[in-house]
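The structure under discussion appears below in the form of structure tokens.
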Amino acid sequence: MTSEVTEPCKISDQDRIFVLTGAGISAESGLATFRDSDGLWAGHAIEDVCTPEAWDRNPELVWQFYSARRQAAANAQPNPAHLALANLESRLLGSPIKDRFFLCTQNVDDLHEKAGSRRLVHMHGELFVSRCSAECGRPPVVDDALYASLAEVARCECGAPLRPHIVWFGETPMEMDRIGEEIRQSTIMLVVGTSGSVYPAANFVRLARQAGARTVYVGPEPPLNASAFTQVVLGKAGAVLPTLLGTAT
Ligand code: BV8
Ligand code: ZN
């Protein structure tokens, strides 16, 4: 059922909310999405910057790509959509039932954290974190440096260059067990700003339906998996979420 947003989404005090966000929620903060005409992939083939093979072939190009993303994200601020989710989380924190809000983002930017979200996971990694490219086992490190050449790239104590702590195509997403558990317990799944073209994230809505949850999509156009939603609300997240989540002042 496709509609414009009119009244807040009904959330009872028994409901447990699982939120999945994609690049669309950061579009109004000035961060390009992947598939926009001038999107992130414009100018770069996925296989040249977002696969382990790309890293083996040309780590300098990969670091130039992610350094440009770090620069853009560092100058970006959360928008009303990020703030509405953080506000909803804090409102639900007060309720007797614990942990009724869980946020899973495919985004590697830190705008959800900047907005005040707490109970969240970055299933595809984080832009401002790096780890050892030799996987020597040392923990990932916070790293907001910009690397124009491989010579500048910081090194792990084992001597190997650091790589972005990001999930590339062909790599296993992070926190999948925890995400699976949260989906099973959810009664409402809210999905915001994702085209539904990348798996396993694009399958979460079907898992939520199997768990009996209401499934709501918010974005300016129906996603590829639109048929799996009980409600599709067409509109920009920054305009829709404050009203839909009842945080509109
Ligand atoms: C894996 C980090 C095994 C990097 C990313 C064939 C069939 C099915 C699957 C596959 C297949 N071949 C290969 C696969 C698997 C592959 C895959 O899905 N490929 C696709 C291309 C077919 N997946 C993988 O490799 C994954 N790993 O499968 O491992 C496994 C599986 C299960 C359990 C264990 C192990 C790893 C995929 C992760 C890759 N890394 N990101 C980086 O950021 O640089 S994916 C990246 O692209 C994003 O994180 C996101 O997940 C994805 C798509 O982006 P979206 O967020 O949806 O953005 P997009 O631009 O597409 O759309 C924007 C949307 O926003 C639009 O709908 C638009 O309408 C909307 N919008 C615009 N403005 C607004 C808005 N919405 C609201 N408000 C607005 N203002
Ligand atoms: Zn190392």
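Full extension of the chain between Arg57 and Leu93 gives 8.3 nm of extra length, using 0.36 nm per residue less the Cα-Cα distance.
Shape of the stretch 76-129 from its Cα gyration tensor (a ≥ b ≥ c, root eigenvalues): rounded if a/c is under 1.5, otherwise prolate when a/b > b/c, or oblate?
Note, shape of the stretch 76-129 comes out oblate.
For the stretch 75-177, the Kirkwood estimate of the hydrodynamic radius, built from every pair of different alpha carbons, is 15.6 Å. For the chain, excluding the exposed loop sites themselves (trypsin sites (Lys or Arg not before Pro), DSSP loop, at most 11 other Cβ atoms within 10 Å), the longest remaining stretch covers 99-249. The angle between the Cα long axis of helix 176-185 and the main principal axis of the chain comes to about 0°, on a 0 to 90 degree scale. More than 20 Å apart: what percent of Cα pairs in the stretch 29-110 qualify? Beyond 20 Å sits 50 percent of the P(r) for the stretch 29-110.
Rounded if a/c is under 1.5, else prolate if a/b is larger than b/c, else oblate: which is the stretch 140-205, with a ≥ b ≥ c the root eigenvalues of its Cα gyration tensor? Since a/c reaches 1.5 and a/b is larger than b/c, the shape of the stretch 140-205 is classed as prolate.
Here is how the number arises for the chain: DSSP H runs of 4 or more residues each give -39500 (n - 2.57), the sum is divided by the residue count, and the result at 222 nm is -8000 deg cm²/dmol. The chymotrypsin sites (Phe, Trp or Tyr not before Pro) of the stretch 164-249 that DSSP puts in a loop, and whose beta carbon has at most 14 other beta carbons within 10 Å, are Phe169.
What is the Rg over Rh value, at two decimals, for the chain, using alpha-carbon atoms and the Kirkwood definition of Rh?
In the chain, Rg relative to Rh is 0.98.
For the chain, the longest piece that avoids every one of the GluC sites (Glu not before Pro) found in DSSP loops with at most 10 other C-beta atoms within 10 Å covers 5-156. Each residue was assigned an accessible area with a 1.4 Å probe, and for Met174 the value is about 40 Å².
Backbone phi angles across the stretch 43-59, fed through the Karplus curve with coefficients 6.51, -1.76 and 1.60 (θ = phi - 60°), yield HN-Hα couplings of x, 10, 6, 3, 5, 8, 9, 10, 9, x, 5, 4, 4, 5, 6, 8, x Hz in residue order; Gly and Pro are listed as x. Please list log₁₀ I(q)/I(0) at q = 0.09, 0.14, 0.16, 0.21 Å⁻¹ for the stretch 106-249, using the Debye equation with identical point scatterers on the alpha-carbon positions. Log-scaled intensity ratios, in q order: -0.37, -0.80, -0.97, -1.35. Amide H to amide H, with H built 1.01 Å from N, Gly125 comes under 5 Å of Val167, Met174, counting only residues 5 or more places away or on other chains.
Highest mobility in the GNM of the chain, judged by mean-square fluctuation with C-alpha springs under 10 Å and restricted to Gly159, Gly196, Gly212, is found for Gly159.
Taking label positions 7 Å along the Cα-Cβ direction at both Val141 and Glu175, the computed distance is 2.4 nm, reported to one decimal.
The values are calculated or read from the model by the stated rules, or taken from the named source; none is laboratory data. Remember, predicted model here, so these are calculated numbers, not experimental data. Cβ atoms come from the backbone with ideal geometry, glycine included; neighbour counts cover every protein chain shown. The protein model used for the area step is the full one, side chains on, heavy atoms only, and it has no ligands, DNA or RNA in it. Shrake-Rupley method; radii C 1.70, N 1.55, O 1.52, S 1.80 Å.
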